Each structure stands twice: as structure tokens, then as C-alpha cells.
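The values are calculated or read from the model by the stated rules, or taken from the named source; none is laboratory data. Worth saying up front: this structure is predicted, and the values here are computed from it rather than measured. In this analysis, Cβ positions are derived from the backbone assuming ideal geometry, glycine residues included, and neighbour counts consider all displayed protein chains.
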Amino acid sequence: MWHADVMKHARKLDMKLFYFNYNWFIGAWTKANVISAQDAFQDKDKLHDYRNDQGLLTIPDAGFHLSYGFSVDDIILKIESFSHQEFNTPKYKDREHIMRSITNEEIFYQTWKLTRYDYKQLPLPLQTVHEAICKVLNVSPSDGKSI
């Protein structure tokens, strides 16, 4: 439905944002964009420009974004290697802190409100992904609490 439009115009993707697994919903995430391959190859600076362009039209209900949907060790690795090095401290990489975050709070102590989400509302393939992530984290798929 959107293909012809995207071939002519970059668009933002309106995605549902989750943390750790699909029990913790934050809200809308519109940092992802879709542009044609021709645009990407013609002007590589456009990729950065589009990410910050709040004037782009949005494709509604474009999908789901999951941040930190990893094991504790992989979350630590991400913190050590991603661009926000201000979070690469023992405070944020503490395994107990990460597990507390996975079960009931946002990892970087931001003011984001994590709300409970019924993962059974997701498409079946994402339900399967959710259950696999919860198994790795040793948390309940239904409520995100430690098992």
C-alpha cells in the first residue's frame, strides 16, 4: 500500500515501542524512517537528515520496536558499545539493576512510564519472540516478573 509513495517521498514509521520484552510498552516510536534505495545511494547525508526531520509524514501502525530485548549479558554489551557512553558505568551495567529494570523499571532512570501490555495482542510471530526472550531472561511471559 505504501510502496509507490515511499519511492517518491521519505516517511517516518509510527511504531509501538517496547522495552526488554513485549510486556513493557512505552508509547509511539517515530525515529525509524523508510526511504527509497535510490535516495539512500544518491545522497548518503539524507539518512541522517531524515532521522531528525520532524516534518516528514508518518506511516501509521507501521510495526513494533523492541529495545533491550536481550539477555542480561547482551544488554551489558550494548551499553558498553552503543553511542550513549554516558551510560557505560557500573551503575547501569550492574546485573541486579538490569534485572530490576527488566521486571519493573526503565533501565536509565528516565521519566518514561512503562505500562503493562498484553503480549497476546501482538501478531503470533512476535508472541513467539516474546516468549523466547522471557525464557532467556527467566521472567514470566504473561507479567514480566522473575520466575
Return the pairs, sorted by first residue and then second, in which the second residue is part of a helix (DSSP H, G or I), the first residue lies in region 66-92 and is of a type in the set (D, E, K, R), the beta carbons are less than 8 Å apart, and the residues are 6+ apart or on different chains.
-> Glu80/Lys93; Lys91/His97
The residue that is modelled with the lowest pLDDT, considering only those in region 53-69 that are out of contact with any strand residue (DSSP E or B) (no Cβ under 6 Å at 6 or more places or on another chain) and loosely packed, with under 13 Cβ neighbours inside 10 Å, is Asp53
Going through region 128-137 in order, the residues found to be of a type outside the set (Val, Ile, Thr), out of contact with any Gly (no Cβ under 8 Å at 6 or more places or on another chain) and in contact (Cβ under 8 Å) with a residue 60 or more places away in the chain are His130, Leu137
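Could you please find all residues in region 101-133 being in a loop (DSSP other than H, G, I, E, B) and over 18 Å from Gly63 (Cα atoms)? Full working, then the answer.
The initial filter retains those residues of region 101-133 that are in a loop (DSSP other than H, G, I, E, B), namely 105-114, 117-118, 122-123.
Within region 101-133, Glu105, Glu106, Ile107, Phe108, Tyr109, Gln110, Thr111, Trp112, Lys113, Leu114 meet the criteria.
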Considering only residues of region 1-40 that are charged (D, E, K, R) and part of a strand (DSSP E or B), which is nearest to Pro141 (Cα to Cα)?
-> Lys16
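Residues that are at pLDDT 85 or above, part of a loop (DSSP other than H, G, I, E, B) and under 18 Å from Leu126 (Cβ atoms): does region 70-80 have at least one?
Restricting attention to region 70-80, the residues satisfying the condition of being at pLDDT 85 or above are 70-80.
Next, from what is left, pick out any that are part of a loop (DSSP other than H, G, I, E, B): 70-71.
Still in the running and under 18 Å from Leu126 (Cβ atoms): 70.
Yes, region 70-80 has at least one match.
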What residue, among those in region 74-126 that are in contact with a helix residue (DSSP H, G or I) (Cβ under 7 Å, 6 or more places away or on another chain) and among the aromatic types (Phe, Trp, Tyr), is surrounded by the fewest Cβ atoms within 10 Å (Cβ to Cβ)?
-> Phe108
